[in-house]
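I have placed the structure first, in the form of structure tokens, so that the comments after it can refer back to it.
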Amino acid sequence: MRIGIDFDNTLVDYDHVFLDAAKREGLVDSRFRGSKRAVRDHLRSRQGGELLWQRLQGYVYGAGIGDARMFDGVDTFLRHCRTNEHDVFVISHKTQFGHYDPMRVDLRSAALEWMRAQGFFCDDGFGIPIERVFFENSRAAKLSRIGAVGCTHFIDDLEEVFGDPEFPVQVNPILFANSGTLRGGAVCSSWQQIAEVLFDGPR
């Protein structure tokens, strides 16, 4: 198999980073609890909240990425891919800089450094060639790349990626979400479920 995987919120779990940063900046009450989505919805409910949310994203995906972690099960999944010689590609819609980041952190370089720290590229880690990591400027470019590298499957947390008419029809979609509607693919709420769909069920 040639398995393509989205980066933000698919491989990388930012929930605690968003919550901690929002509390530190006084954007939410110290007693606030919730995921990235909860923080986003709370900020967007306020006047000027969309700009606050965009700035928070700029920090978390840049300077704050060092505090992020892989989702549970990613490690086991990627090691299985390596052992069984399944090609893995990381293909993400990620601009070089955040639109509202005053620090102008290079988001792509920050992501690559995070991946190095997690063992994505090393021989005793996941052994994914860095040449198989693609950060694209737009969703259209991302979808084009998925087709160009010949992915047989693609894993993403955004349902709208698979609903885009330009999503390659020959690629099997896997939605990483608690719920959703997906024609011709699987909806999985955990990486353990993704592994079951890809490695234990019908191919």
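Over the residues of the chain, the helix contribution to mean residue ellipticity at 222 nm works out to -10000 deg cm²/dmol, using -39500 (n - 2.57) for each DSSP H run of at least 4.
Spatially, the stretch 139-203 and the stretch 56-127 are offset by 19 Å when compared through their Cα centroids. When both bridge partners sit in the chain, DSSP labels roughly 15% of those beta bridges antiparallel.
Close amide H pairs (under 5 Å, H built 1.01 Å from N) link residue 134 with 90, 91, 92, residues at least 5 positions away or on another chain. By the equivalent-ellipsoid construction on the alpha carbon gyration tensor, the stretch 15-66 comes out with semi-axes of 15, 13, 9 Å, ordered largest to smallest. Neighbour counts of C-beta atoms inside 10 Å place 31, 79 in the sequence 31, 79, starting with the fewest. Dividing the convex hull volume of the alpha carbon atoms of the chain by its residue count gives 126 Å³ per residue. Put simply, the stretch 1-121 fits an ellipsoid with semi-axes of 29, 16, 12 Å; these come from the alpha carbon gyration tensor as the roots of five times its eigenvalues, largest first. When each of 15, 106, 29, 123 is scored by the number of other beta-carbon atoms lying within 10 Å, the sequence from fewest to most is 123, 29, 106, 15. Across all directions, the shadow cast by the convex hull of the stretch 151-198 built on its C-alpha atoms averages 3.0 square nanometres. Placing +1 on each Lys and Arg Cβ and -1 on each Asp and Glu Cβ, with no other charges, gives the stretch 34-73 a dipole about its Cα centre of roughly 120 debye. Among 103, 1, 70, 115, the ranking by other beta carbons within 10 Å of each residue's beta carbon, starting with the fewest, stands as 103, 1, 70, 115.
Read the figures in this text as sums done on the coordinates, not as results from a lab. Since we're looking at a predicted model, the values are computed, not measured. Every residue, glycine among them, receives a Cβ derived from its backbone with ideal geometry; neighbour counts consider all protein chains shown.
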